[in-house]
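**Student:** Mind having a look at this structure? Questions to follow.
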Amino acid sequence: MTIDTAAVGKTFPPFEYEVGREKIREYATALGFDDPIHFDPGAARDAGFRDVVAPPMFCVVYSAGAVGPALFDPEVGMDFARMVHGAQAFEWGEPVCSGDTITTTATCASIEERDDKGFYVFESVSVNGDGAETVRGTWTNIVRGG
Amino acid sequence: MAAEGDQIPELAVTPDRYLPVRYAGASGDFNPIHVDPEFARSVGLPGAILHGLYMMGLVSRAAGAIGDGDPRRLGSLSVQFRGMGFPEEEIVVSGTVAAAGEGQLELDLVASQGDREVIRNATATIRE
C-alpha cells in the first residue's frame, strides 16, 4: 500500500468544552466509579477540588470534539472500513472539575507505513481556563493494507 | 505505598447488554458497531462490541485505585488495544507494580475476557 503523508504536522481548529456536573456523573456511572468526589460537590470540595471532579479518562469526552475532525479529515484520508484504534496514551496534569472550560487542540503527529499497515498518530493537548495543561493524548490508529 | 512486585487488586466487571449504549451516551461515541448489534453483524462482527476507550476506562479505575482513586494521582496511562471486548462477559483487569520509587509507582496491567486479552502492554504511573 502507498499512503499519503501530506497531513503530517497539520494542526486542527481548537475545540472548547464546558464541563458540567451531570456529564461527569453520567461518565462516572457508566464506568462504575462510586467515589462521591465524582458526584457530590461537598465531598469534592472537602477533598480539595473546586467542584465535582472528573475521573481522568473523562478526557476522552472533552477531547473528542478536537480529535474527531482530525481523524475524519480528508487530507489525512484514513480508510475507516480498514481502521482499528490500535493504542492510546494519556499524561494528565491539572484535574478537571465541573465549571471548567477545556480547550483541546489536535495535531497529526505522524503517518508511517510498516508491514503493509498505515500507522496514523495524532496528539492532543488540552488546557483549562487558567492555561494549565489537563491532559496530553497520543491516539494511534492502524489501517490495514489491501 | 505498594512495593515493586506487588500485585494490584483485580477489578472484575461484567458490562451488561446495554452498557455500550450508556457508554456511547456518556462519551458521545455512537459508532454503530458498539450500539447496533445488527449493524455490527452486517460488517462481520459477532455482535455489538465494547468501546476500546471504555475498557481503557476500566484499566484506569484499576490503576487509579492504587492512588486511592484520587484523580490527581494518576499521572499517565498507555494501552494497546488487542482483540474485541463483548458485553455480558466478565472483564478482569490485573496488574503488578513494575517499579517503585522517585515519588511514583509504575504499574503494568492487562485486561482480559476469559483467555482473550483485550488490552495488553498497559502501563500507568501513580504519583505518591
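**Student:** For segment A:27-146, what is Rg from Cα atoms divided by 2.2 N^0.38 Å, rounded to two decimals? The partial results should precede the final answer.
**Tutor:** Details: Rg = 16.9 Å, N = 120, 2.2 N^0.38 = 13.6 Å.
The value comes to 1.24.
**Student:** Given H placed on each backbone N at 1.01 Å, which residues far from B:I8 in sequence or on other chains put an amide H within less than 5 Å of it?
**Tutor:** B:G95, B:T96, B:V97
**Student:** With bins 10 Å wide starting at 0, give me the P(r) of segment B:19-128 over every alpha carbon pair, in whole percents.
**Tutor:** Percent of pairs per bin, in order: 15, 40, 30, 12, 3, 0.
**Student:** Could you list the square roots of 5 times each eigenvalue of the Cα gyration tensor of segment B:1-74, that is, the equivalent ellipsoid semi-axes, sorted largest first and rounded to whole Å? Intermediate values should be presented prior to the final figure.
**Tutor:** Numbers: eigenvalues 197, 35, 16 Å².
In descending order, the three semi-axes are 31, 13, 9 Å.
**Student:** Using alpha-carbon pairs under 8 Å, 6+ residues apart, how would you state the relative contact order of segment B:35-104 in percent?
**Tutor:** After rounding, I find 30 percent.
**Student:** Taking each residue of B:79-86 in turn, how many C-beta atoms of other protein chains fall within 10 Å of its C-beta, and what is the average?
**Tutor:** Values: counts 6, 6, 7, 3, 0, 1, 0, 0.
Across B:79-86, the average partner-chain Cβ count within 10 Å equals 3.
**Student:** Shifting gears a bit: Considering the Cα trace of segment A:21-85, what is its radius of gyration and what is Dmax, both in angstroms?
**Tutor:** Rg, Dmax (Cα atoms, Å): 16.4, 48.
**Student:** May I pose another question? What is segment A:38-146's relative contact order, in percent, from Cα pairs under 8 angstrom and six or more apart in sequence?
**Tutor:** Details: 202 pairs, mean separation 30.0, N = 109.
Result for segment A:38-146 is 28 percent.
**Student:** With no solvent and one equal point scatterer placed on each C-alpha of the protein assembly as shown, evaluate the Debye formula and give log10 I(q)/I(0) for q = 0.11, 0.13, 0.14, 0.16 Å⁻¹, two decimals.
**Tutor:** The Debye formula, applied to the Cα set alone, gives -0.62, -0.88, -1.03, -1.35.
**Student:** For Cα pairs less than 8 Å apart in space and 6+ apart in sequence, what is the mean separation divided by the residue count of chain B, i.e. the relative contact order in percent? List each step's numbers first, then the result.
**Tutor:** Working: 272 pairs, mean separation 39.3, N = 128.
Reported as a whole number, the value is 31 percent.
**Student:** How well do other chains shield peptide B:25-35, expressed as the mean number of their Cβ atoms within 10 Å of each residue Cβ?
**Tutor:** Mean partner shielding for this stretch: 3.
**Student:** For chain B, what does the helix formula give at 222 nm: sum of -39500 (n - 2.57) over DSSP H segments with n ≥ 4, over the residue count, nearest 500 deg cm²/dmol? Walk me through the numbers on the way to the answer.
**Tutor:** Working: 4 runs with 33 residues, N = 128.
Computed mean residue ellipticity for chain B: -7000 deg cm²/dmol.
Bear in mind these aren't lab numbers, they're just calculated from the coordinates by the rules spelled out. Being a predicted model, the structure only gives us computed values, none of them experimental. Positions of Cβ are generated from backbone atoms using ideal geometry, with glycine treated the same way; all protein chains shown enter the neighbour counts.
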